[in-house]
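Working notes, structure below.
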Amino acid sequence: MHIKMFADQPRASRARRLLAVTSCTTALVAVPLCSPAATASAQDGIEDLSAQEIIDKALDAFTSAQSLRVTGTDKSADLGPDDPSSLDLFLDRDGDCNASVQFKDGSTAMLVKRGDEIWLKGDDAYWKTEFPGDQGERAAELFKNRYAHGSASDAELKDLAGVCDLETIQKQAAEEARESTNLRKGDPTTVDGTPTIPVLSTEDGLTHTVYVATEGKPYPLKKTKKGNGTDVTGTFKDYNKPVPSETPSADESVDISKLFEETPSP
């Protein structure tokens with residue numbers, strides 16, 4: 001299973017590029033996987049299982065989670081200015097999420113989704129890149145220190161709902177599982193104080209390492225992808241904890257439709 005952390009996509013607007021967060025979420029657990037096979041009983045120490053059995057258990061744990069938080073960085077050599085370089089994403093199977101993203105050029109954006117409502121906040125650099133010329137200047141002023149607010153049915157925001165879709169991400173992780181014979185275990189280590197066993201896979205010059213918890217449920221807690229100029233690291237935490245319920249207030253929000261009422265077409 002290979003899913004790129006920050007997907008290679010044609011150049012597009014920043015709002016569209018935020019969709020790369022969806023790829024990021026699945027990529028951090030992605031190593032070549034086979035379909036789940038019979039594994040040792042739960043009381044066996046997971047570190048004593050084969051590399052494939054460990055990954056099978058980690059995939060099962062990941063796909064059963066009701067919510068999780070993902071943090072990631074991409075320091076790859078070929079990262080473009082419009083590509084996300086870091087993210088913090090908390091999402092659940094109901095489609096709710098909080099996300100913050102920093103792009104390679106230093107601009108930032110934040111996304112909040114609750115039910116059908118979406119809030120998107122960018123800094124000046126974000127909006128000036130999102131919209132050309134005077135329109136970008138006006139957008140930066142209209143949304144300065146505030147969120148663009150609308151619904152998942154709004155044309156400008158509907159695609160961003162996919163960033164928050166944990167259930168689809170989990171299905172993609174399972175569907176893209178495939179046979180592999182090059183998995184191997186590394187030496188036990190810890191991730192944020194939790195004992196883990198790393199499982200490595202090398203393909204096309206890239207080494208994928210997934211760190212699987214050996215205490216409690218065998219969740220993947222960290223993923224790295226390195227080689228050929230690629231340098232991606234991500235962590236998984238807060239499994240099954242609720243996504244924070246706070247949403248931006250009316251004073252912090254501006255309806256997305258105002259942008260098109262108050263800014264001229266480019």
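Below are the figures for this structure:
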{"item": "Among 70-79, 240-249, the order from most to least packed when residues are scored by Cβ within 10 Å on average", "result": "70-79, 240-249"}
{"item": "Dipole magnitude of the stretch 145-240, debye to nearest 20 (Cβ charges: Lys/Arg +1, Asp/Glu -1, about Cα centre)", "result": "300"}
{"item": "Viscosity 1.002 mPa s, temperature 20 °C, Stokes-Einstein D of the stretch 92-217 from Kirkwood C-alpha radius, µm²/s", "result": "119"}
{"item": "Residue-count net charge about V199 - beta-carbon cut-off 12 Å; Lys, Arg +1, Asp, Glu -1", "result": "+1"}
{"item": "³J(HN,Hα) computed for each position of the stretch 98-108 - Karplus, 6.51 cos²θ - 1.76 cosθ + 1.60, integer Hz, glycine/proline x", "result": "10, 9, 10, 9, 10, 9, 4, 7, x, 6, 9"}
{"item": "Span per principal axis, largest first, for the Cα atoms of the stretch 64-162 (Å)", "result": "46, 36, 21"}
{"item": "Segments 56-67, 129-140 sorted - mean Cβ within 10 Å per residue, highest first", "result": "56-67, 129-140"}
{"item": "Convex hull of the stretch 209-253 built on C-alpha atoms - directionally averaged projected area, nm²", "result": "5.5"}
{"item": "Paired Rg and Dmax values of the stretch 183-266, which use every Cα atom, in angstrom", "result": "21.1, 59"}
{"item": "Packing-based ranking, highest mean first, of 103-113, 196-206 given that Cβ atoms within 10 Å are counted", "result": "103-113, 196-206"}
{"item": "Carbon/sulfur fraction of accessible area - the stretch 114-244, other protein chains in place, 1.4 Å, %", "result": "45"}
{"item": "Integer Hz, Karplus 6.51/-1.76/1.60 couplings in order for the stretch 189-195, x for Gly and Pro", "result": "8, 10, 10, 6, x, 9, x"}
{"item": "The stretch 116-266, relative contact order in percent, only Cα pairs under 8 angstrom and at least six apart counted", "result": "23"}
{"item": "Hydrodynamic radius of the stretch 73-128 per Kirkwood, over alpha carbon pairs, in Å", "result": "12.1"}
{"item": "At most 11 other Cβ within 10 Å, DSSP loop - trypsin sites (Lys or Arg not before Pro), the stretch 167-254", "result": "R178"}
{"item": "Of N145, L160, Q135, farthest towards positive along the dipole that unit charges on Lys, Arg, Asp, Glu beta carbons give the stretch 116-161", "result": "N145"}
{"item": "Nonlocal amide H pairs with L68, under 5 Å, H built at 1.01 Å", "result": "L91, N240"}
{"item": "Computed lengthening from E215 to D48, 0.36 nm per intervening residue step minus Cα-Cα distance", "result": "58.9 nm"}
{"item": "Selection from L183, G193, P242, by position along the positive dipole direction of the stretch 181-266 (Cβ)", "result": "L183"}
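The values are calculated or read from the model by the stated rules, or taken from the named source; none is laboratory data. Keep in mind it's a predicted model, so treat the numbers as computed, not measured. With ideal geometry, Cβ positions are generated from the backbone for all residues, glycine too; neighbour counts draw on all protein chains shown. Calculation scope for accessible area: heavy atoms of the full protein, side chains included, ligands and nucleic acids excluded. Shrake-Rupley method; radii C 1.70, N 1.55, O 1.52, S 1.80 Å.
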